[in-house]
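Down below is the structure, laid out as structure tokens.
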Amino acid sequence: MASLEIHLFPCLSDNYGVLIHDPENNVTASIDAPEAGAVKNALAEKGWTLTHILVTHYHADHTGGNMELKEDTGCIIVGPKNEADRVPGIDVQLGEGDSFGFGSFTAKVFDTPGHTAGHISYWFPKANVAFTGDTLFTLGCGRLFEGDAKTMWNSLSKIRALPPETVIYSGHEYTQSNADFALTVEPGNAALQARAEEVRDMRARGEPTVPTTLARELETNPFLRPDSPEIQANLGMEGRDLHEVFGEVRNRKDNA
């Protein structure tokens, strides 16, 4: 069975770039393109030739390298149809329910708005991996720049419904601050306590905390856990709608 090769690399101040490569068909995609130079260096390191950019949302720290990479390689730029006018160089527009063939693999596309109004996420079932951009982070979620709590909770619920073993790649290294915050809303969560210590150790060694797995996030990420009795009690929101509990967690993180 073909395997999807994945290469994570840091770029900008706290972004991650990701290359995915199907050796059987010799296609390579950059998940977002924060900066052209970092993507080019990663491609050179791996000996891969860029054929696609899969954009999650239009923000400049995810699309800043689009045009230079397209001019250099002729790559196809794929991105959210609801933000097509804001994604530089877009060729293929995708949204909820669409699929995109990438070599031997197929990406299923979800609309995951909230951080931006047209944000999408890509799930590759055969490779057991999802790319969630700035919707879901390790132990966190994106700020609600262009959506309300109900919108973002609906987006996170789509990711929450994926198989627990799904590997999650996100766009930033925010995990240390996310872990510190998570402990303020669910301090009694033993799995979270252990994970926060693990994150501190990883960051002290300079190791990335991306990727994660959905199973680990379901155990420890407060933004996926508004149904936690401890979180509801700590917020004084027992029995409230989950999107309301989620919204209060997000509000507290914004003001932490």
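Scan the stretch 184-210 residue by residue and report those that are of a type outside the set (D, E, K, R), within 21 Å of residue 251 (Cβ to Cβ) and crowded, with 18+ Cβ neighbours inside 10 Å.
Across the stretch 184-210, the qualifying residues are 185, 189, 192.
What's the number of the condition residue 7 fails, among (1) more than 18 Å from residue 122 (Cβ to Cβ); (2) in contact with a Leu (Cβ under 8 Å, 6 or more places away or on another chain)?
(1)
Spot the failing condition for residue 8; the list is (1) among the aliphatic types (A, V, I, L, M); (2) in a helix (DSSP H, G or I); (3) surrounded by fewer than 23 Cβ atoms within 10 Å (Cβ to Cβ), and only one is missed.
That leaves (2) as the condition not met.
Could you list all residues from the stretch 1-46 that are of a type in the set (Ser, Thr, Tyr), over 18 Å from the mean Cα position of the chain (by Cα) and at pLDDT 95 or above?
Taking the stretch 1-46 and keeping what is of a type in the set (Ser, Thr, Tyr), we get 3, 13, 16, 28, 30.
Then drop every residue that is not over 18 Å from the mean Cα position of the chain (by Cα), which leaves 3, 28.
Matches in the stretch 1-46: 28 only.
Identify the single condition in (1) more than 19 Å from residue 227 (Cβ to Cβ); (2) of a type in the set (Phe, Trp, Tyr); (3) touching a residue at least 60 places away in the same chain (Cβ under 8 Å); (4) surrounded by fewer than 24 Cβ atoms within 10 Å (Cβ to Cβ) that residue 122 does not satisfy, given that it satisfies every other one.
Result: residue 122 passes all but (4).
Show me the helices (runs of 4 or more DSSP H) found entirely inside the stretch 167-256 where at least 2 residues are touching a Gly at 6+ places or on another chain (Cβ under 6 Å) and aliphatic (A, V, I, L, M).
none
Could you please find all residues in the stretch 148-165 being surrounded by fewer than 17 Cβ atoms within 10 Å (Cβ to Cβ), more than 12 Å from residue 113 (Cβ to Cβ) and in contact (Cβ under 8 Å) with a residue 24 or more places away in the chain?
163, 164, 165 - these are the residues of the stretch 148-165 that are surrounded by fewer than 17 Cβ atoms within 10 Å (Cβ to Cβ), more than 12 Å from residue 113 (Cβ to Cβ) and in contact (Cβ under 8 Å) with a residue 24 or more places away in the chain.
Failed condition for residue 153, given (1) assigned to a loop (DSSP other than H, G, I, E, B); (2) within 15 Å of residue 223 (Cβ to Cβ), with all others met?
(1)
Of (1) surrounded by fewer than 24 Cβ atoms within 10 Å (Cβ to Cβ); (2) assigned to a loop (DSSP other than H, G, I, E, B); (3) among the small types (Gly, Ala, Ser), residue 133 satisfies all except one. Which?
With respect to (1) surrounded by fewer than 24 Cβ atoms within 10 Å (Cβ to Cβ); (2) assigned to a loop (DSSP other than H, G, I, E, B); (3) among the small types (Gly, Ala, Ser), residue 133 is out only on (1).
Condition check: under 16 Å from the mean Cα position of the chain (by Cα) and either assigned by TED's automatic domain parsing to the domain that holds residue 134 or at pLDDT 95 or above (or both). Does residue 49 satisfy that?
No.
Say we look at the stretch 27-48 and pick out the residues that are in contact with a strand residue (DSSP E or B) (Cβ under 6 Å, 6 or more places away or on another chain) and not aliphatic (A, V, I, L, M); which of these is nearest to residue 3 (Cα to Cα)?
The qualifying residue nearest to residue 3 (Cα to Cα) is 28.
Restricted to the stretch 169-183, and to residues that are of a type in the set (A, V, I, L, M) and touching a residue at least 40 places away in the same chain (Cβ under 8 Å), which residue is surrounded by the fewest Cβ atoms within 10 Å (Cβ to Cβ)?
Filtering the stretch 169-183 for residues that are of a type in the set (A, V, I, L, M) and touching a residue at least 40 places away in the same chain (Cβ under 8 Å), the one surrounded by the fewest Cβ atoms within 10 Å (Cβ to Cβ) comes out as 179.
The values are calculated or read from the model by the stated rules, or taken from the named source; none is laboratory data. These numbers come from a predicted model, not from an experiment. Neighbour counts run over all protein chains shown; Cβ positions are idealised from the backbone, glycine included.
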